[in-house]
Amino acid sequence: MKKVMLLIAVLGLGTLSWAASARQDVTDRLDNSVKVLHEIMAAPDQGIPQEVLENAKCLAVVPRMIKGGFIFGGKHGKGVATCRTAKGWSAPAFFTIGGGSAGAQIGLEGVDLVMIIQNEKGMQHLLASKFQIGGDASVAAGPVGRHASANTDWKLDTEILTYSRAKGAFAGLTLEGAEVIQDDDSTRAMYGRKVTTRSALMGNVPVPAAARAFLSAVKGAQSQAKTAAKNEDKTAD
């Protein structure tokens, strides 16, 4: 009996340890996503344009997506996403991204990725538990600067616009073939229960305290882009 009780106690401690570690991993991911947004928006004339952020349905960040070199390409990372709701930006949903070819990024350590979901069709893909970039959802590198280019190609049928940075410099990242999958472990670690991506991103889940800084950074990016665009317009006049 004592051995059984000891075994139960050991298993219980192991579970608590895993839960604490998983929650810390999720919290770190949220904090790193805040840094990524701040750094991208602070880049002179290279931030995400005002028009892109104003029209975004959802926004997702994958901090340090590539760690180490890849001989044959490929990528893997963990991200966090939020979508617009009637009450503002939603509680975060967590996902993993992997597969595809890293192309010119082979050998780089730590590529920060921001994905802007532009339309309802792209949002529906994100709400699903799994989808393929370039297969299910169209993708293109997003325009940069204070204002989006007068060329409106980026507004057309592209569902996801991507922005990637490596070691402080913008870099093109091929995402064709990469799969985005709901991260159940991270979701459970944050919310303490099973929460679907759809429930979180549709605004049906309260925003946890650990995610408030991330949502503030998303709102701040919008404000920062708007202010920068206004200042540029005044200078041009």
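Observations, loosely collected:
- Other residues whose C-beta falls under 13 angstrom from the C-beta of Val195 contribute a net charge of +1, scoring Lys and Arg +1 and Asp and Glu -1.
- If R0 equals 22 Å, the separation of the Cβ atoms of Glu54 and Thr85 corresponds to a calculated FRET efficiency of about 0.85.
- 13 Å beta-carbon shell around Asp25, net charge (K/R +1, D/E -1): +1
- Neighbourhood charge, 12 Å Cβ-Cβ cut-off, centred on Gly88 and excluding it, Lys, Arg +1 and Asp, Glu -1: +4
Each reported figure results from applying straightforward, stated rules to the coordinates on display, with no laboratory input. Just so it is clear, the model here is predicted, and its values are computed rather than measured. Every residue, glycine among them, receives a Cβ derived from its backbone with ideal geometry; neighbour counts consider all protein chains shown.
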